[in-house]
Amino acid sequence: MTMTNSNTQQGRIKLDLQCKKNNTEHRTHEITTDRLIVRRGKPFRLTLSVERPHLDYIELTVETGPDASEEKGTRSSFGTKQPQVDNCGKPWRLDVLDSTPTTATLSVLCPSNASIGLYSLFVKTGLSDAAARVGTFTVLFNAWCNDDWVFLADDAERQEYVMNEQGIVYKGVNEYIKTEPWDFGQFEDDILDICLKLLDLNPKCLKNPQEDYSARCNPIYIGRVVSAMINSEDDDKGVLVGKWDCAFIGGVEPSTWTSSVDILRRWMKYDCYPVKFGQCWVFAAVMCTVLRCLGIPCRVVTNYQSAHDTELNLIIDEYYGDYGVAPSQSHDTVWNYHVWVEGWMKRPDLTEDSFYDGWQVLDPTPQERSTDVYCCGPAPVKAIHEGHTDVKYDVPFVFGEVNADKISWLVMANGSKKRIQTDTKAVGQCISTKAVGSNKRQDITENYKYTEGSDRERVAFEEAVKRANDVRMIKFPPRPKVEMTISLEGKPLNGLDIQAYLTLTSDSPKTKELTLRMNAQIMRYTNSPQAGVWSETRDVQLQPTKEQSIPILIPFAAYGPKLLDNNCIKLSVIATDKKDSKDVYLVERDIVPHSPPLNLAVSGTPLLNGLMTAEVTFENPQSASLKNCSITLTGSGLLTQTEEIKVAELGPGQKATLKVNFRPNRAGPKRLVACFDSSIFKDIRNSVDVNIRTSSSRMGYLALGK
């Protein structure tokens, strides 16, 4: 039990905060039982003791933030012999459950719309003139409280989106979705303090702390603040520096991170200096940790073929030269994937009914400014689905990410441009998040848009165009006379040549003479060219209504040394009609070679403080040596810190092994995450789920992850 003492004119006052009991009932005991942490809208108990009998009157005062005031809702006094006062819509309540002349058991109700954060607690009893400060406690959002704006009705979803410390991030391309385990670790004992520090450093708080602390009652406000503070683009001491090229000197490669905990601790350790480096999935995962820690239900979402529409005109222009993808003549791009966060909350700021309540897109990756700050959202998913682009915040941008139309242009030698094709279906594919209660992938594309090709999807798009400012409709060209597709022979494996096939068909009644310009380029996942690896030009005669297949071989020797972290191979073919140069056709395919396996095994009894062992092994399948190899192992509640080994060179067929003994320090479902990195093979991961039981539990299990 946590006791606090204070000496007053009436004698010593003792207060038992009942941290273990309260924190367990408020589902915050995973953080700690050494200090009081409660969720708003739910009562908690205190036991008050005094030396001399004067408990006929008890008054409590709670304060949060500097210059706390009842007007701002950051201060409230409430007692046993006074009416419960509604301070700016934030009433607190005190009830005496049991009492003697010198002791009292109290029930304190923190209102469901109180500001979250650290509070000071003061007590006044009997005839004392002044209240005595007797301790502190922390208030969080409450997804279990019907009156809280973050209320989530389904208990399984609350367990997943608030309580689960382990998650999955989806990467790769929509045809090869890569599963990456991530340790959110929101209940690690120092993460809550780091999250509150992040709120205190936000520019709105530094400019006007009274208003900021008052606004912390609102999850909409908190969402925008956290979205801005996860990135450091505004020179605001944000958590992460973004970097999208391949030069990560002076920092950590984004693919190396497996845990938000390491990042947040590093940020705190070095005086809140931004951590280097992050990319979209890192930004999103860290934001998910912060929101779950503060009590806002949230999940990490990946959108494949994600458009970055800089002009907010719902059109993405992509440019091609004879050699493949050309340097962009606009800032529009279509990323292989982009990762953001959805937070669950009500939106009474938008409408009196609940139409826009529910999942809201929040994106901390610094892409475009929102009200002069690099943040995004909360944008109601329902508004995106219906094309309501006049709804705040940042709905036009997110709508473009999932449903913009794409126009492909051929850039001629003289700089002129020729439109190749218009695609209304390519953007926004396989929108994915981790399923509730399992490691399966849940496709939530239908939450964001109607089925591509349907009339309802076009109606929603036209609604988006109508509501957005200065957006132009486009006319679609007729169906092409030549159709091209690219297929792969088997699963492409990193380390081996890639065999593909180009298939052409024509609905023209005449033979078509075509010039094919075929190119393979290494692309960053943001769809910017990194390096060319293969090209070939070929003339073909395409017979009417007949299918023609052309083999394509991309050697590993050409792509291997250049296929760096999170890159893919874009194979594109531009076909030009030799008799009519106006007829130009395009096909492209993103290829991500699969990686060799990383083996992870766990042994021992899954018991709290019991001895366990984890062993990670990687075998080099190449005929050449791998340079700069490393294996890392993380796991909140299992390991106290990230374990790592480095191997300067790993010869052909040789194995690198990391073996770690550990004692789990928290009970419940936990996850170990292993990662291998080298000069050739990047970002290879595996995970094991471990259910840690206490000594009184009867069951526990180990389950291998994928």
Filter the stretch 631-677 for residues that are charged (D, E, K, R) and under 23 Å from the mean Cα position of the chain (by Cα); the one that is farthest from Leu564 (Cα to Cα) is Lys670
Some residue of the stretch 659-680 being touching a strand residue (DSSP E or B) at 6+ places or on another chain (Cβ under 9 Å), touching a residue at least 60 places away in the same chain (Cβ under 8 Å), closer than 25 Å to Ile191 by Cα and among the small types (Gly, Ala, Ser): yes
Which residue pairs have Cβ atoms under 7 Å apart, sit 6 or more places apart or on different chains, and have a first residue in the stretch 597-612 that is at positive phi and a second that is assigned to a strand (DSSP E or B)? Gly604/Met612; Gly604/Thr613
Inside the stretch 534-562, can you point out the residues that are open to solvent by 20 Å² or more (accessible area, probe 1.4 Å) and of a type in the set (A, V, I, L, M, F, W, C)? Trp534, Leu553, Phe556, Ala557, Ala558
Is it the case, given these coordinates, that Tyr161 is open to solvent by less than 10 Å² (accessible area, probe 1.4 Å) and in a helix (DSSP H, G or I)? yes
Is it the case that Tyr374 is in contact with a Pro (Cβ under 8 Å, 6 or more places away or on another chain), touching a residue at least 60 places away in the same chain (Cβ under 8 Å) and over 22 Å from Ile444 (Cβ atoms)? yes
So which residues in the stretch 280-312 are in a loop (DSSP other than H, G, I, E, B) and open to solvent by 10 Å² or more (accessible area, probe 1.4 Å)? Thr310, Glu311, Leu312
Meets criteria (crowded, with 18+ Cβ neighbours inside 10 Å and free of Cβ contacts under 8 Å to residues at least 60 places away in the same chain) for Val391: yes
Scanning the stretch 221-249 for residues that are assigned to a helix (DSSP H, G or I) and among the hydroxyl-bearing types (Ser, Thr, Tyr), the one least open to solvent (accessible area, probe 1.4 Å) turns out to be Ser227
Of everything in the stretch 42-57 that's modelled with pLDDT of 95 or more and buried (at least 22 other Cβ atoms within 10 Å of the Cβ), which residue is nearest to Val261 (Cα to Cα)? Phe44
Being crowded, with 18+ Cβ neighbours inside 10 Å and either without any contact (Cβ under 8 Å) to a residue 40 or more places away in the chain or in a strand (DSSP E or B) (or both) is the filter here, so list the residues in the stretch 424-460 that pass it. Gln429, Cys430, Ile431, Ser432, Thr433, Lys434
Can you say whether Asp262 is among the acidic types (Asp, Glu), over 25 Å from Glu643 (Cα atoms), open to solvent by 10 Å² or more (accessible area, probe 1.4 Å) and in contact (Cβ under 8 Å) with a residue 24 or more places away in the chain, as far as the supplied structure shows? no
Within the stretch 367-381, how many residues turn out to be in a loop (DSSP other than H, G, I, E, B) and open to solvent by 20 Å² or more (accessible area, probe 1.4 Å)? 6
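Among the listed residues Gly185, Gly167, Gly172, identify the single one that is farther than 23 Å from Trp344 by Cα, open to solvent by less than 30 Å² (accessible area, probe 1.4 Å), among the small types (Gly, Ala, Ser) and touching a residue at least 12 places away in the same chain (Cβ under 8 Å). Give the steps one after another, and end with the answer.
Details: Gly185 fails: farther than 23 Å from Trp344 by Cα; Gly167 fails: farther than 23 Å from Trp344 by Cα.
Step by step, each of Gly185, Gly167, Gly172 is checked, and only Gly172 is farther than 23 Å from Trp344 by Cα, open to solvent by less than 30 Å² (accessible area, probe 1.4 Å), among the small types (Gly, Ala, Ser) and touching a residue at least 12 places away in the same chain (Cβ under 8 Å).
Residues Ser535, Ser528, Ser487, Ser506: which one is closer than 13 Å to Ile574 by Cα and small (Gly, Ala, Ser)?
Details: Ser528 fails: closer than 13 Å to Ile574 by Cα; Ser487 fails: closer than 13 Å to Ile574 by Cα; Ser506 fails: closer than 13 Å to Ile574 by Cα.
Going through Ser535, Ser528, Ser487, Ser506 in turn, the sole match is Ser535.
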In the stretch 674-696, which residue that is aliphatic (A, V, I, L, M) and modelled with pLDDT of 90 or more is nearest to Ser630 (Cα to Cα)? Ala674
If the requirement is being under 19 Å from Lys20 (Cα atoms) and in contact with a helix residue (DSSP H, G or I) (Cβ under 9 Å, 6 or more places away or on another chain), which of these qualifies: Leu106, Leu140, Leu152? Leu140
Considering each of Leu199, Leu206, Leu192, Leu106 in turn, give the residue that is over 30 Å from Thr642 (Cβ atoms) and open to solvent by less than 30 Å² (accessible area, probe 1.4 Å). Leu106
Considering only strands (runs of 3 or more DSSP E) fully contained in the stretch 563-679, which possess at least 2 residues that are open to solvent by 10 Å² or more (accessible area, probe 1.4 Å) and either of a type in the set (Ser, Thr, Tyr) or under 30 Å from Leu264 (Cβ atoms) (or both)? 599-604, 612-619, 626-634, 643-650, 655-662, 668-677
Looking at the stretch 394-416, which of the residues that are part of a loop (DSSP other than H, G, I, E, B) and on the phi < 0 side of the Ramachandran plot is least open to solvent (accessible area, probe 1.4 Å)? Ala404
Pairs only if they're at least six apart or on different chains, beta carbon under 7 angstrom, first in the stretch 521-534 and closer than 16 Å to His331 by Cβ and part of a strand (DSSP E or B), second β-branched (Val, Ile, Thr) and open to solvent by less than 30 Å² (accessible area, probe 1.4 Å); list them, first residue then second. Pro529/Val325
Could you please find all residues in the stretch 27-39 being under 19 Å from Ala114 (Cα atoms), assigned to a loop (DSSP other than H, G, I, E, B) and under 25 Å from the mean Cα position of the chain (by Cα)? Arg27, Thr28
Mind checking whether some residue in the stretch 469-489 is modelled with pLDDT of 95 or more, within 30 Å of Trp359 (Cα to Cα) and surrounded by fewer than 13 Cβ atoms within 10 Å (Cβ to Cβ)? no
From the list Tyr319, Tyr273, pick out the single residue that is of a type outside the set (Gly, Ala, Ser), in a loop (DSSP other than H, G, I, E, B) and open to solvent by 10 Å² or more (accessible area, probe 1.4 Å). Tyr273
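The values are calculated or read from the model by the stated rules, or taken from the named source; none is laboratory data. Keep in mind it's a predicted model, so treat the numbers as computed, not measured. Quick reminder, even Gly has a Cβ in these numbers, built from the backbone with ideal geometry, and neighbours come from all protein chains shown. Heads up: the accessible areas ignore ligands, DNA and RNA and are worked out on the full protein's heavy atoms, side chains in. Shrake-Rupley method; radii C 1.70, N 1.55, O 1.52, S 1.80 Å.
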